[in-house]
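Asker: Quick one: structure below, then a few questions.
The values are calculated or read from the model by the stated rules, or taken from the named source; none is laboratory data. This structure is a prediction, so every number in the text was calculated from the model and none was measured. Cβ placement follows ideal geometry from the backbone for every residue including glycine, while neighbour counts extend to all protein chains displayed. Just so you know, the surface numbers come from the protein's heavy atoms only, side chains and all, with ligands and any DNA or RNA stripped out. Shrake-Rupley method; radii C 1.70, N 1.55, O 1.52, S 1.80 Å.
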Amino acid sequence: MSSRFETLMALRYLKGAQGRAEGRSFLRFITYVAIGGVAIGVAALLLSFAIVRGFSQEIENKLIGFGSHLQVSSHLPDAPLENAVALEEGIAAMDSVTHVSPVVQTFVLLRESQQSIDGVALVGTRTPPSYMAGRITTGTFDLGSGAQPGVVVGQLLADRLGLSVGQKVAAFAMQQGGEGLQVERPRVKSLTVRGIYETSLLDVDDTYVFTNLATARDLAEYPETQVSRFDITLTDVAHADSVAQRLEDRFGWPVRAQTIKQQFAGLFAWVNLQEGIIPLVIGVIVLVSAFNIIGALLMLILEKTREIGVLQSLGASGTTLKRLFLLLGLLIGTTGTIIGEGLALGLALLQKRYDLIPLPAEAYYMTSAPIELNPLDFLIVAGVTLTLCGLAAYVPARVAARIEPVRAIRFQ
């Protein structure tokens with residue numbers, strides 16, 4: 001019976017608390033402000049989690065899609081890997097390795113006309129990276145063959161050189177096997193632009209162009225036994241460090257294996273910093289909102305002092321009053337949490353569908369804020385918020401429990 005009484009009273013105060021004099025509805029307004037504060041804090045925290053997690057996931061997908069989980073290259077600067085066929089077979093036979101792609105990469109001058117010329121990194125591969133193939137904006141990721149070589153370029157480079165699909169470009173290679181510049185006898189290939197991609201990774205879109213392995217070998221003057229590196233895909237990127245160590249131990253010098261996080265250490269450090277700082281800063285909103293409940297409950301107790309005295313004279317104990325206001329604090333927190341989580345979910349779904357929040361690609365490597373929802377975030381945020389609201393309600397609840405009935409009834 002006591003529990004039902006406390007619940008009924010808490011719900012009454014939550015829905016329709018009124019003051020004793022003019023501005024009677026102000027007390028109800030204060031309660032709604034407390035609920036709104038919790039809701040905004042919860043929504044902001046959940047959205048920050050979703051955006052930071054989405055940002056981290058998008059950056060990782062882009063970098064892995066461009067460079068795979070592991071890259072095996074030579075410790076020697078600009079030197080190719082020897083015995084490429086045997087090395088590829090040995091890597092492919094290792095546990096956790098699902099795909100090995102040989103790559104020949106060389107520097108070339110790409111010219112469309114006398115006025116449109118630029119230096120690029122030409123990447124020759126047998127199969128296009130899956131992520132890159134899915135980022136084609138015009139044409140297809142068709143690398144052609146040795147007789148009819150094709151090239152796929154980034155959107156920034158295409159805009160700068162005025163390239164379009166079907167256009168012919170000339171590639172001039174002057175670096176011979178990493179042993180110096182042969183300016184007198186550049187090797188020249190005529191390439192057809194088959195596709196244009198866009199990743200929003202400005203350094204990639206502006207610098208890297210893709211062609212087939214045979215064409216890149218001809219321009220770099222690499223025989224069949226040499227490659228620049230191997231791109232390796234694993235069953236699980238979490239195994240990357242251990243597989244990299246095993247590769248170096250097995251094949252020895254000069255083989256070097258680097259994980260995607262080692263290759264782009266600075267970028268991943270930046271992402272990790274955001275993952276740690278942003279939710280912490282936004283989380284302060286929830287903390288402040290929860291402790292706003294203290295002010296709302298104390299004001300409610302002040303306005304309802306005489307009513308509390310009447311309840312005590314009718315048999316309500318201090319413990320009952322304490323539970324009543326603790327329950328009221330939890331109801332405020334629960335209502336705010338439900339509203340906040342609903343608001344966060346709605347805004348997150350709208351962002352995923354309509355890209356309402358644009359981002360400058362030169363700063364964030366993407367054109368809109370990414371969203372990655374995780375049900376566990378909703379549970380954790382709800383649990384932490386309700387705990388804080390309960391703790392915040394404890395002080396006003398103790399104040400209400402210590403009110404003396406006689407003084408409370410005479411209170412003006």
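Asker: Test of understanding: among Ala79, Ala50, Ala133, which residue is among the hydrophobic types (A, V, I, L, M, F, W, C), under 21 Å from Ala361 (Cα atoms) and surrounded by fewer than 21 Cβ atoms within 10 Å (Cβ to Cβ)?
Answerer: Exactly one of Ala79, Ala50, Ala133 is among the hydrophobic types (A, V, I, L, M, F, W, C), under 21 Å from Ala361 (Cα atoms) and surrounded by fewer than 21 Cβ atoms within 10 Å (Cβ to Cβ), namely Ala133.
Asker: What is the one condition in (1) open to solvent by less than 10 Å² (accessible area, probe 1.4 Å); (2) in contact with a Leu (Cβ under 7 Å, 6 or more places away or on another chain) that Ala220 does not satisfy?
Answerer: Here Ala220 meets the rest and fails (2).
Asker: Is it true that some residue in the stretch 85-105 is polar (S, T, N, Q) and over 18 Å from Ile64 (Cβ atoms)?
Answerer: No: zero hits.
Asker: Go through the stretch 309-327 and give me each residue that's among the small types (Gly, Ala, Ser) and buried (at least 19 other Cβ atoms within 10 Å of the Cβ).
Answerer: Hits for the stretch 309-327 are Gly309, Ala316.
Asker: Given the criteria over 28 Å from Ala363 (Cα atoms), in a strand (DSSP E or B) and free of Cβ contacts under 8 Å to residues at least 24 places away in the same chain, does Val188 qualify?
Answerer: For Val188, the condition - over 28 Å from Ala363 (Cα atoms), in a strand (DSSP E or B) and free of Cβ contacts under 8 Å to residues at least 24 places away in the same chain - is met.
Asker: In the stretch 107-124, what residues are closer than 27 Å to Leu70 by Cβ, open to solvent by 10 Å² or more (accessible area, probe 1.4 Å) and more than 29 Å from the chain's Cα centre (by Cα)?
Answerer: Hit for the stretch 107-124 is Phe107, nothing else.
Asker: Starting from the stretch 335-349, take each residue that is touching a residue at least 60 places away in the same chain (Cβ under 8 Å) and list its partners that are outside any helix (DSSP H, G or I) and crowded, with 20+ Cβ neighbours inside 10 Å, counting only C-beta distances under 8 angstrom and pairs at least six apart or across chains.
Answerer: Taking only residues 6 or more apart or on different chains, the pairs are Ala348/Ile371.
Asker: Could you tell me how many of the residues in the stretch 284-293 are within 12 Å of Gly37 (Cβ to Cβ) and surrounded by fewer than 18 Cβ atoms within 10 Å (Cβ to Cβ)?
Answerer: Qualifying residue count for the region: 3.
Asker: I would also like to ask the following. Looking at the stretch 392-412, which of the residues that are in a helix (DSSP H, G or I) and either at pLDDT 90 or above or open to solvent by less than 60 Å² (accessible area, probe 1.4 Å) (or both) is farthest from Lys304 (Cα to Cα)?
Answerer: Of everything passing the filter in the stretch 392-412, Ala392 is farthest from Lys304 (Cα to Cα).
Asker: Does Val281 meet the test of being at pLDDT below 90, surrounded by 17 or more Cβ atoms within 10 Å (Cβ to Cβ), over 21 Å from Ile91 (Cα atoms) and not aromatic (Phe, Trp, Tyr)?
Answerer: No; evaluated as a whole, the condition is false for this residue.
Asker: All but one of (1) in a helix (DSSP H, G or I); (2) closer than 30 Å to Val271 by Cα; (3) at pLDDT below 85 hold for Asp78, so report the exception by its number.
Answerer: The failed condition is (1).
Asker: Considering Leu202, Leu267, which residue is surrounded by fewer than 21 Cβ atoms within 10 Å (Cβ to Cβ), in contact with a helix residue (DSSP H, G or I) (Cβ under 8 Å, 6 or more places away or on another chain) and within 30 Å of Arg187 (Cβ to Cβ)?
Answerer: Going through Leu202, Leu267 in turn, the sole match is Leu202.
Asker: Being in contact with a helix residue (DSSP H, G or I) (Cβ under 7 Å, 6 or more places away or on another chain) and polar (S, T, N, Q) is the filter; apply it to the stretch 54-67 and report the residue that is surrounded by the fewest Cβ atoms within 10 Å (Cβ to Cβ).
Answerer: Asn61
Asker: With respect to Tyr13, determine if the residue is over 30 Å from Met174 (Cα atoms), aromatic (Phe, Trp, Tyr) and open to solvent by 10 Å² or more (accessible area, probe 1.4 Å).
Answerer: Considered against the rule, which asks whether it is over 30 Å from Met174 (Cα atoms), aromatic (Phe, Trp, Tyr) and open to solvent by 10 Å² or more (accessible area, probe 1.4 Å), Tyr13 comes out as no.
Asker: From Gly144, Gly154, grab the single residue that is surrounded by 18 or more Cβ atoms within 10 Å (Cβ to Cβ) and within 23 Å of Asp218 (Cα to Cα).
Answerer: After applying the criteria, what remains is Gly154.
Asker: Take the residues in the stretch 165-179 that are more than 16 Å from Phe141 (Cβ to Cβ) and at pLDDT 90 or above; name whichever of them is most open to solvent (accessible area, probe 1.4 Å).
Answerer: Restricting to residues being more than 16 Å from Phe141 (Cβ to Cβ) and at pLDDT 90 or above, the top hit is Lys168.
Asker: Condition first: at pLDDT below 90 and assigned to a strand (DSSP E or B). Now tell me which residues in the stretch 120-148 satisfy that.
Answerer: The one that is at pLDDT below 90 and assigned to a strand (DSSP E or B): Gly144.
Asker: Does Arg246 satisfy the criteria of being assigned to a strand (DSSP E or B) and open to solvent by 20 Å² or more (accessible area, probe 1.4 Å)?
Answerer: The answer is no for Arg246.
Asker: Moving on to the next point. Which of the residues spanning the stretch 82-93 are part of a helix (DSSP H, G or I), open to solvent by 40 Å² or more (accessible area, probe 1.4 Å) and of a type outside the set (D, E, K, R)?
Answerer: Val85, Ala86, Ala92
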